[in-house]
Structure formats: structure tokens, C-alpha cells
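Trainee: Structure in C-alpha cells, see below.
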Amino acid sequence: MNNLVLIKAPAVEPITLADAKLQLGFSPWEDSDHVKGRILADVLRPFIRAARRDCETYTRRVFMTQTWLLKMDGFPGADFNYNYNGYPAIYIPQPPLQSIEFLNYVDVSGVMQTLEIDLTYGVNPAAQYGYQLTPGSETQLARVLPPFARPWPPQRMVPENTLLQFKCGYGGPVTVSMTLGSAILSGPVWNPGDVGQALSIPGAGVGGVALETTLASVDANGQGTAAAAAATAVTNVTAYAGQAVPDEILTAIKMRVEYYYELKDWTPQQAAKQEQAIYSILKPYRNLVA
């Protein structure tokens, strides 16, 4: 039995309060009355969060960067599509995957051990046991498998003896600092799997524009280095790491907010049509595997 636990919720929602107001037909004039504006904001914020969660539940994927823990009662059973010995894969839920934070298991002595990633495709694995990662894509789930010609390690058969913690979502905000002429990203702790992520760092480019680059490397302490150095020093700016959430998903979330807000005034037929339209937009993004 698997148990999926949210460790770190998204720092922001994929749509803003202004996006929701525009979807509902409100103009800046409605905010001229500060009391009414605050009341409207208090009403819409829970709807925005609920709309995002509803769309995530339907698609079985997540949108903004968040961290989850998958608790398993052991490594998966045999799958003879992998090789003759049948060492199987763990399919990682909540795509798209950004990186794995750790893969731990309880060994036969009852001690929690950590598996390290093997990046050599089994040519020169660093340890007796480890894992390989196929990171997947927007349409394909990421998979974790044992290195070539190696089994999963033996375990003590106790509940939740295998723990996989991972970061997922299209992208999200990170707070970073960069000194002039340096590519070091001070602030967040990165995982090796984050290498290659797109980065947009406000104010760090030439003339104070955004620096558009990628994460080039991560050291043993989790400090990241960008592919380009800062042309302007920045301190504790909110950068964006990862991909943009697709426009179709943003549209569906806004329509779901509208559904929640207008439901009291809609007929059942109007509500059903709105739901049908939302799920039609989201259908290409559904994860049907894990």
C-alpha cells in the first residue's frame, strides 16, 4: 500500500487575484471601495486555491512547485518488461517531476539507508545498491529503477519501509541573491536533479532586466550555479525556476473559480456545461498511470 503525503505546499497560486477578478468581469473600479475590495478578495482567495486543487485532482498532476513524500511498503514486485530478473520501476506520481530529494529504505537490520543515484547507466555504479532515474516529461511519468544488473536491496518487511521524497510541478518562485559578475545562486538549496531548470532572475541582467538562464550545476552542499553570471547584483529577489504553467491549465483554473463564484446563480444546465468545458480543456493533461 502506498501513501502520498504533501510535505511543502506551493508558495503561490498559478493565477492571481487580478486574474480571477478579470475572469468574473470585475474592473479596477470595484476596488475603488476598499472595504468591498477586501471582501471580494476574501471570497475569491479560497476559490482560487480550491480551483487549482480541483484541476490538479482531475489531471492527477501538480502545477506550481511543491514537495511530496511517497511512502511504500517495500520496493515494487517483478515486472518482466524490465529484464529477465524482473527488477521493476517506481512510477513517480504528481508529474511533472523536478527532482528527487531522497530515496530511503529500511534494511534487514532495521536501519534506514539512503540510495544514491547512478548516473553511469550501470557501467560503473558507485555502490552495491542505488537507483536510476528517467525524468519523464509533461506526458510521460518519471521512473526510478535499480541500476543495470542490480536488484533492489533486501528490506525488513515493516510498514512504510520505503520513502521517496520528490519535488514536482512546472515551476515556482525562489528567493535568490547574486553578486556582480558571479553565477553563484545564494539562497535556495537545490537538488542535483534540478540541473537544467530554466531560471528568470529579475534585475540580474544587463541594465537591470531579468537574467534568463538555466541552473548549470549543484554542489554537494546544495548551492547552485547558473549558466550565466549576473550583470547586476541582486539581493533576495523573487526569481522563477522551471517551466511556465500551460495557458490551457491557467484558463481551466480561472473557469473553475468562475464556476464556484457564479454557481449560486446558475441553473444546473449552465453549471454542467461549465464543468464539461473545464474538463475538456484539461483532458490532454491527464495522467492516467500513477
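The values are calculated or read from the model by the stated rules, or taken from the named source; none is laboratory data. Since the model is a prediction, treat every value here as computed from it, not as a measurement. Backbone-built Cβ (ideal geometry, glycine too); neighbour counts: all protein chains shown. Note: areas computed on protein heavy atoms with side chains; ligands, DNA, RNA excluded. Shrake-Rupley method; radii C 1.70, N 1.55, O 1.52, S 1.80 Å.
Trainee: How many of the residues making up region 240-280 are among the small types (Gly, Ala, Ser) and more than 19 Å from the chain's Cα centre (by Cα)?
Mentor: 4
Trainee: Among the strands (runs of 3 or more DSSP E) confined wholly to region 204-285, which include 1 or more residues that are open to solvent by less than 80 Å² (accessible area, probe 1.4 Å) and more than 19 Å from Val189 (Cβ to Cβ)?
Mentor: 211-218
Trainee: Hey, which of the strands (runs of 3 or more DSSP E) in region 118-191, taking only ones fully inside, have at least 2 residues that are out of contact with any Pro (no Cβ under 9 Å at 6 or more places or on another chain) and open to solvent by less than 40 Å² (accessible area, probe 1.4 Å)?
Mentor: Filter on region 118-191 gives 162-168, 171-178.
Trainee: Just wondering, is there one or more residues in region 69-76 that are open to solvent by 50 Å² or more (accessible area, probe 1.4 Å), modelled with pLDDT under 95 and in contact with a strand residue (DSSP E or B) (Cβ under 9 Å, 6 or more places away or on another chain)?
Mentor: Yes.
Trainee: Within region 1-49, track down each residue that is charged (D, E, K, R) and either touching a helix residue (DSSP H, G or I) at 6+ places or on another chain (Cβ under 8 Å) or free of Cβ contacts under 8 Å to residues at least 24 places away in the same chain (or both).
Mentor: Glu13, Asp19, Lys21, Glu30, Asp31, Asp33, Lys36, Arg38, Asp42, Arg45
Trainee: Tell me yes or no: at least one residue of region 97-110 is surrounded by 19 or more Cβ atoms within 10 Å (Cβ to Cβ), assigned to a loop (DSSP other than H, G, I, E, B) and at pLDDT 90 or above.
Mentor: No, region 97-110 contains no residue that is surrounded by 19 or more Cβ atoms within 10 Å (Cβ to Cβ), assigned to a loop (DSSP other than H, G, I, E, B) and at pLDDT 90 or above.
Trainee: Hey, another quick one. Among the candidates Phe47, Phe26, Phe63, which residue alone is modelled with pLDDT of 95 or more, over 28 Å from Thr134 (Cβ atoms), surrounded by 15 or more Cβ atoms within 10 Å (Cβ to Cβ) and aromatic (Phe, Trp, Tyr)?
Mentor: Selected residue: Phe47, the only one of Phe47, Phe26, Phe63 that is modelled with pLDDT of 95 or more, over 28 Å from Thr134 (Cβ atoms), surrounded by 15 or more Cβ atoms within 10 Å (Cβ to Cβ) and aromatic (Phe, Trp, Tyr).
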